[in-house]
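Enquirer: My questions will all concern the structure given below.
The numbers here are math on the coordinates, done by the rules we state, and not lab data. Just so it is clear, the structure is predicted and the values come from calculations on it, not from any experiment. When we count neighbours, we look across all protein chains shown, and the Cβ atoms used for this are built from the backbone with ideal geometry, even at glycine.
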Amino acid sequence: MPRPKPGDQAPDFSGLTTDGARVSLKDFRGKKLVLYFYPKDDTPGCTAQACSLRDHNSGIKAKGAAILGVSAQDVDSHRKFTAKHKLNFPLLADTNRSVARAYGTIGGGIGGALRGMLGLAERVTFIIDEKGRISHVIDSPDTANHAEQVLKLL
């Protein structure tokens, strides 16, 4: 699938989160959603990115947004990652990579095909508005300062 761009309707998704709850895009209607895709739990870049968002989650919430991280690891891996780094937002277990495919973050180009074979999504963040439309796409997040990037766009 091609990557959605600003103005596009966000692709619907559904999956299990860190706490075992099923969540879908419609659960976020009426608020903004920071939907961020990352390659793998507990790796240096992914940890820096998650901790940046964790540390600024109150500011993101104050701007009417929720955070949802997405990667291909299972719920158990997400639970360990969440506990280790005291993350204060859920992670979606995209084990069949359907959400990554819907958002065009896996399998594109030569590098994307290789990452896709390894089950690793690209690092991309989508900011979805209250009506379910893509308002911003961050194609190359600065992992250590990702929350600041997000806050500027909210």
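Enquirer: Taking H placed 1.01 Å from N in the peptide plane, check which residues at least 5 places from I67 or on another chain put their amide H under 5 Å from its amide H.
Expert: Long-range HN contacts for I67: V34.
Enquirer: Further question on the same structure: Show which lysines lie in cross-link reach of K84 when reach means a straight Cα distance below 23 angstrom and same-chain residues fewer than eight apart are skipped.
Expert: K40, K61
Enquirer: Using only helices, what value at 222 nm comes out for the chain when you add -39,500 (n - 2.57) per DSSP H run of length 4 or more and divide by the total residues, to the nearest 500 deg cm²/dmol? Mind showing how you got there, number by number?
Expert: Values: 6 runs with 51 residues, N = 154.
Roughly -9000 deg cm²/dmol at 222 nm, from the helical runs in the chain.
Enquirer: Would you kindly derive the ³J(HN,Hα) couplings of segment 66-71 from the backbone phi angles with the Karplus curve 6.51 cos²θ - 1.76 cosθ + 1.60 (θ = phi - 60°), listing them in order in whole Hz, with x for Gly and Pro?
Expert: 10, 10, 9, x, 9, 8
Enquirer: Work from the charge dipole of the chain (Cβ charges, +1 for Lys and Arg, -1 for Asp and Glu, about the Cα centre) and give the residue of F28, F13, Y103 farthest towards its positive end.
Expert: F28
Enquirer: Here's a follow-up. Please sort 68-75, 3-10, 127-134 by packing, taking for each peptide the average over its residues of neighbouring beta carbons within 10 angstrom, highest first. Numbers along the way, then the final one.
Expert: Details: 68-75: 22.2, 3-10: 14.0, 127-134: 17.6.
Going by the mean number of other Cβ atoms within 10 Å, highest first, we get 68-75, 127-134, 3-10.
Enquirer: Counting only residues 5 or more places away or on other chains, whose amide H sits under 5 Å from the amide H of H136 once H atoms are built in the peptide plane?
Expert: Correct list: I127.
Enquirer: Something else: If each of D142 and D12 carries a label point 7 Å out from its Cα toward its Cβ, how far apart are those two points in nm?
Expert: It is 3.8 nm.
Enquirer: Normalised radius of gyration for the chain, please: alpha carbon Rg relative to 2.2 N^0.38 Å, two decimal places. Walk me through the numbers before you get to the answer.
Expert: Working: Rg = 13.9 Å, N = 154, 2.2 N^0.38 = 14.9 Å.
Relative to the 2.2 N^0.38 Å estimate, the chain comes out at 0.93.
Enquirer: Another question about this same structure. Return a whole-number percent for the relative contact order of the chain, with Cα pairs under 8 Å and 6 or more residues apart as the contact set. Intermediate results must be reported in sequence, preceding the final value.
Expert: Details: 319 pairs, mean separation 53.4, N = 154.
Normalised by residue count, the contact order of the chain is 35 percent.
Enquirer: Shifting gears a bit: When the dipole is taken about the Cα centre of the chain, and only Lys, Arg (+1) and Asp, Glu (-1) are charged at their Cβ, what size is it in debye, to the nearest 20? Provide the component values of the computation, followed by the final result.
Expert: Numbers: 22 positive and 16 negative charges, 52 e Å.
Dipole size: approximately 240 debye.
Enquirer: Using a basic spin-label model with each label point 7 Å from the Cα along Cα→Cβ, how many nm lie between L151 and M1?
Expert: Calculated label separation equals 3.1 nm.
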